[in-house]
Structure formats: structure tokens, C-alpha cells
Amino acid sequence: MQDTTRLEASGRWPADIAIWQVRLPAQADARDWPGLTADECERAARFRLPAERIRFAVTRSRLRQLLGDYRNTPPAALRFTHNAWGRPELVDGAGLSFNVSHSAGQALIAVSATRRVGVDVEWIDPALDWRGLTGLLCTPDERQAIEGAPPGARRRAFFRCWTAKEALLKAQGQGLAAGLRSLNLAPAGLQAQDEAGSCTLEGGGRLHYRWLEDLAGYGACLAYGEAGSAGA
């Protein structure tokens, strides 16, 4: 997996969490995503745009390869199920939490055998009308905090808010089904100098989050629970 690199924790997050960066190719075919099941190949084929097909297939293949290493199981033999909110989980995978996100040419895969994890990555599209999305993604407090940032930092503050909320909801297990406006990260946690934060989600226990600055041109965030929460 020459396109897959493990990010160094370097004290930024617990050492029991592995985060893998997958660089997605602009062009690929079935030889580039070994281990997918027939159903997954059919699902990939249904994507209308080649870029979407590649993002799904390559990311899923790398996920299978990584989880296969954890479980000492051939990647193609792994079986997935979904929780009530659609989050993928391993069949008979108790004690192993994982999460995936991809955007444009990058994907992130987070895995932990100790605690629940969630991850999100978003390409910072310079043409994106991010202000037009704040009403859908942000609470009034968050919008005020973003607009209160220096003009040159507001786009970054928006992506920090967006990625942290998605990562937290995914770590909780509900994902976007809970709605991004169900969280309020303001006023703390959106300041330009902040690197990490924590919050308590309703019914979800204490979760922590850490922004990842490893991917130039992307906003990214890792969220994780307390030790022992991987099977929660």
C-alpha cells in the first residue's frame, strides 16, 4: 500500500489510535482495489463519476487491508454490518473501532482497539460559498464565533467547525443522522490558536477532538472517546 501512510501521533492523540492517510489516484481500475466483495464492486460501479468510484473503491480496499492486519484475517474475508444509524462495523469485530472519511484526493482511516473513533476530512475548496452553508451546519453561536475571527481566518474556522462536528458525531456512532446543528462547539474550540477540545454529547459520554494539520489544503479532525469505549 504505497499510497497509504500512518500519521505520527507525536503526543497529539492517544498512541492506541492509528490514523492512516490514503492518497487517492486520479485514475485507477479494479487492479487498484483488491479484496472488495462482489457487492462492493457493484456499489462502486453505480457511482456516476469516475472520481467518486475511485474514492469509494480504493478507500474501502485499503480499509479491508488494514483491518485484515488487525484481525489476522484475509481482507476479502472480512464482513461488515451497520449499526442503527448506518455506521459500518465489523461482524464479530467487538473491541475494534474504525472510521473512514474521504474528500477529493485524500482519505483518512482511523482505527483503535481501545476507544471509539471518528474522523472527517474536507477539501478546502477556494470556490466554495462556505457562508451559504453556515445556516445548515452551524449554530448561531458558532456562526458568531466564525464571523468574529480575523477576515483571513474565517474560512479555516468554518472548516474546523465542520470537520470537528462530523468527527464527533461519527465517533458517537450516529453520524450525520443526529444533525450537525445538534452540537455547539462555540465559543470554545473554534479559536485559531486551539489545537484540540472536548465535549459531552447527549447519551454519548465524553468525547475529545483534535484537528489534523497534516494534509495541506484540507480541513481534518479526529474524535475519540475514553479508554475502554471501543466496544460502546
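Asp32 to Ala104: extension gain in nm, 0.36 nm per residue of separation minus the Cα-Cα distance? Provide the component values of the computation, followed by the final result.
Working: separation 72, 0.36 × 72 = 25.92 nm, distance 1.72 nm.
Extra length from Asp32 to Ala104 when fully extended: 24.2 nm.
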> More than 30 Å apart: what percent of Cα pairs in the chain qualify?
Replying inline: 23
> Relative to the longest principal axis of the chain, what angle (0 to 90°, nearest 10) does the C-alpha long axis of helix 154-172 take?
Replying inline: 50
> Counting pairs of alpha carbon atoms under 8 Å apart in space and at least six apart in sequence, what relative contact order in percent does the range 123-224 give?
Replying inline: 31
> What order do you get for Tyr209, Tyr218, Tyr70 when you list them from fewest to most C-beta neighbours inside 10 Å?
Replying inline: Tyr70, Tyr218, Tyr209
> For the chain, what does -39500 (n - 2.57) per DSSP helix run (n ≥ 4), summed and divided by total residues, give at 222 nm, in deg cm²/dmol to the nearest 500?
Replying inline: -8500 deg cm²/dmol
>> Which residue fluctuates most in the GNM of the chain (Cα springs below 10 Å): Ala153, Ala38, Ala196?
In response: Ala38
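Roughly speaking, what is the stretch gain from Gln144 to Asn72, that is 0.36 nm per residue apart minus the C-alpha to C-alpha distance, in nm to one decimal? Kindly include the intermediate steps, with their values, before the conclusion.
Details: separation 72, 0.36 × 72 = 25.92 nm, distance 4.88 nm.
Answer, rounded to one decimal: 21.0 nm.
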> Which values, in whole Å and largest first, are the semi-axes of the equivalent ellipsoid of the range 4-119 obtained as the square root of 5 times each eigenvalue of the Cα gyration tensor?
Replying inline: 23, 17, 13
>> Explain nothing, just the number: relative contact order of the chain, from Cα pairs under 8 Å at least 6 residues apart, as a whole percent.
In response: 19
>> Once you place label points 7 Å from the Cα toward the Cβ at Glu52 and Ala227, how far apart are they in nm?
In response: 4.3
> What is the extension gain from Arg206 to Ser182, computed as 0.36 nm multiplied by their sequence separation minus the C-alpha to C-alpha distance, in nm to one decimal?
Replying inline: 7.1 nm
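All of the numbers you see were taken from the coordinates with simple rules; none came from a lab. Treat the numbers as computed from the prediction; the structure is a model and nothing was measured. Note: ideal-geometry Cβ built from the backbone for every residue, glycine included; neighbour counts use all protein chains shown.
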